[in-house]
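Asker: My questions will all concern the structure given below.
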Amino acid sequence: MTDIKVLIVDDSAVVRQVLSATLGQASGIEVIGVAADPVFAMEKMSKQWPDVIVLDVEMPRMDGITFLKKLMAERPTPVVICSTLTEKGAKTTLQALAAGAVSIVTKPQSNLRQFLSESADELIHAVRAAAKANMRRVLAPQVPSRLTADAILPAGSTAMAHTSESIVAIGTSTGGTQALEQVLRVLPRVCPGIVIVQHMPEKFTAAFAERLNQISEIEVREARHGDRVMPGRALIAPGGRHMLVKRNGAQYQVDIVDGPPVSRHRPSVDVLFRSVARGAGSNALGIIMTGMGDDGARGLKEMREAGARTLGQDEASCVVYGMPREAFKLGAVERELPLEQIADAILGSGGRAR
C-alpha cells in the first residue's frame, strides 16, 4: 500500500510545523506540503494532489469554508478540519462538516505545541479514517426517507405491552454528522426516545445538537446529567464525557460521567451500549453507523444478548465502513440496512427493528 499523502493548510507557522512533524513520524503517512492559506494550497495541489487535507477554518485571503466548498464542487477530497476549541469555532466548524469535511481535530488558543503533541494519536487516527472515506456518501444528497403511517398514528398498542418505554441507542463516528442529520430530520415527534454517541470533541457537541434541533421536528440537545430519555427527544453525549442510560422506575434517564477513554474514545459507544443492555434489555434498539475503528461492536453484542434488536448501517451507504463491519463480524448485528431505511426502522414497532 502507498503512503497517505497529506497537505496541511493553516496560517500558523507553529501549527504547520507541529502537524507536519507529528504526521511525518506516523507510518503510512507522508506530508507532501504545507500552505499558509488556501491560495498557496491550490498552487501546490496543481502539482501534486493530496489524499487528505488537514485544514484550518479562519485564514487570510480565503477562509476554510469557501475553500472547502470549492474543493468539493471541483474535486472532492477527504478533509480533516483542525479548528480552535471555542464556542464560536464550533459553529463554524459544523458548517465545514455540512459542506463535506470528514472529521474534526481541535486545537486550543494557547499552548498549541504541547496540545498538538499530546493529541498525536487523535490526529493520526483522523487522517487514516479520512483516507478511507467514501466521498460519494459524504456528498450524497440527503433525500428524506419515505415514512409509513406509523409516523402519524402508531399501529395498535404494541408499546403498551412493554413493561417500560422503548428506547433507541445510536453510535457513530466518521461521517456520522451527515448520517445523523439524514436520520433525525425526518423523524416525527411520535418516535421513541433516542440516545446518541457521536465521536466529537468537547464544545462541538452542543453546537451540533443545536443545529440538528433547528432542522428536526423532534427535540435534539446535548445531554445533561439526569435528563430523561423520552419520546420525541434525542440526547447527544457531550464531547469529553461518557453517557450512560439507567432505569428509573418505568422510565429511563442518562448519567453523564467522567472517566478514561474507552475503545480510544470519550464518549464511547461501547459504554453507552453496555448501559442500555443492562438498563433496557429487550426494550431497546441498538444502531451502529458509519465510523472507523471498533468502538460499539462489543457493546452492541451485549445489547443483542440482552434481547435488544440490533442494526448496522450497510457498507454501501457508509462514509467509512469500520464500526458496522466490526460489529457484524462479532455477531452483534442482527440486520444491516442502508442509511435511507434507518429512520423507518426506528419508527417500526415503537423503536424495535422490524
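The values are calculated or read from the model by the stated rules, or taken from the named source; none is laboratory data. Everything numeric here is computed off the predicted structure, so don't read it as measured data. Because the Cβ atoms are built from the backbone with ideal geometry, glycine has one as well, and the counts that use them run over all protein chains shown.
Asker: Just to be sure before I move on: is ASP227 in contact with a Leu (Cβ under 7 Å, 6 or more places away or on another chain), modelled with pLDDT of 90 or more and of a type in the set (Asp, Glu) in the structure I sent?
Answerer: Details: in contact with a Leu (Cβ under 7 Å, 6 or more places away or on another chain): yes; modelled with pLDDT of 90 or more: yes; of a type in the set (Asp, Glu): yes.
Spelling it out, ASP227 is indeed in contact with a Leu (Cβ under 7 Å, 6 or more places away or on another chain), modelled with pLDDT of 90 or more and of a type in the set (Asp, Glu).
Asker: Checking MET303 against (1) assigned to a loop (DSSP other than H, G, I, E, B); (2) touching a residue at least 60 places away in the same chain (Cβ under 8 Å); (3) not acidic (Asp, Glu): exactly one of these is not met. Which one?
Answerer: Of everything listed in (1) assigned to a loop (DSSP other than H, G, I, E, B); (2) touching a residue at least 60 places away in the same chain (Cβ under 8 Å); (3) not acidic (Asp, Glu), MET303 misses just condition (1).
Asker: On to the next question. Take ARG278 and decide whether it is in contact with a Ser or Thr (Cβ under 7 Å, 6 or more places away or on another chain), part of a helix (DSSP H, G or I) and either within 22 Å of ALA126 (Cα to Cα) or of a type in the set (Lys, Arg) (or both). It would help to see each step written out before you state the result.
Answerer: On the way: in contact with a Ser or Thr (Cβ under 7 Å, 6 or more places away or on another chain): no; part of a helix (DSSP H, G or I): yes; either within 22 Å of ALA126 (Cα to Cα) or of a type in the set (Lys, Arg) (or both): yes.
No, not satisfied.
Asker: A follow-up question, please. Of everything in region 315-349 that's small (Gly, Ala, Ser) and either buried (at least 19 other Cβ atoms within 10 Å of the Cβ) or under 21 Å from PRO192 (Cβ atoms) (or both), which residue is modelled with the lowest pLDDT?
Answerer: Our first condition is that a residue be small (Gly, Ala, Ser); within region 315-349, this holds for 316-317, 322, 327, 331-332, 343, 345, 348-349.
So of that shortlist, the ones also either buried (at least 19 other Cβ atoms within 10 Å of the Cβ) or under 21 Å from PRO192 (Cβ atoms) (or both) come out as 317, 322, 327, 332, 343, 345, 348-349.
Numbers: SER317: 95, GLY322: 93, ALA327: 97, ALA332: 97, ALA343: 96, ALA345: 95, GLY348: 85, SER349: 46.
Filtering first and then ranking leaves SER349.
Asker: So THR310 fits all but one of (1) surrounded by fewer than 23 Cβ atoms within 10 Å (Cβ to Cβ); (2) at pLDDT 95 or above; (3) polar (S, T, N, Q); what number is the exception?
Answerer: Of the numbered conditions (1) surrounded by fewer than 23 Cβ atoms within 10 Å (Cβ to Cβ); (2) at pLDDT 95 or above; (3) polar (S, T, N, Q), the odd one out for THR310 is (1).
Residue-by-condition table, conditions (1) surrounded by fewer than 15 Cβ atoms within 10 Å (Cβ to Cβ); (2) touching a strand residue (DSSP E or B) at 6+ places or on another chain (Cβ under 7 Å):
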position	(1), (2)
ASP3	yes, yes
GLN17	no, no
ALA21	yes, no
GLN25	yes, no
VAL34	no, yes
ILE53	no, yes
VAL57	no, yes
LEU68	no, yes
ALA73	yes, no
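Asker: Taking the condition of being in contact with a strand residue (DSSP E or B) (Cβ under 8 Å, 6 or more places away or on another chain) and either part of a helix (DSSP H, G or I) or surrounded by fewer than 24 Cβ atoms within 10 Å (Cβ to Cβ) (or both), how many residues in region 167-182 meet it?
Answerer: Quick first cut of region 167-182, residues in contact with a strand residue (DSSP E or B) (Cβ under 8 Å, 6 or more places away or on another chain) only: 167-177, 179-180.
Next, from what is left, pick out any that are either part of a helix (DSSP H, G or I) or surrounded by fewer than 24 Cβ atoms within 10 Å (Cβ to Cβ) (or both): 176-177, 179-180.
Residues meeting the conditions: 4.
Asker: Residue check: is VAL254 touching a residue at least 60 places away in the same chain (Cβ under 8 Å) and assigned to a strand (DSSP E or B)? Full working, then the answer.
Answerer: Values: touching a residue at least 60 places away in the same chain (Cβ under 8 Å): no; assigned to a strand (DSSP E or B): yes.
Considered against the rule, which asks whether it is touching a residue at least 60 places away in the same chain (Cβ under 8 Å) and assigned to a strand (DSSP E or B), VAL254 comes out as no.
Asker: Need pairs with beta-carbon distance below 8 Å; first residue under 30 Å from ALA250 (Cβ atoms) and in the same structural domain as TYR321 (by TED's automatic domain parsing) and within region 164-178, second aromatic (Phe, Trp, Tyr) and at pLDDT 90 or above; sequence gap 6+ or separate chains.
Answerer: SER164/TYR252; GLU165/TYR252; ILE167/TYR252; ALA169/PHE273; GLY171/PHE273
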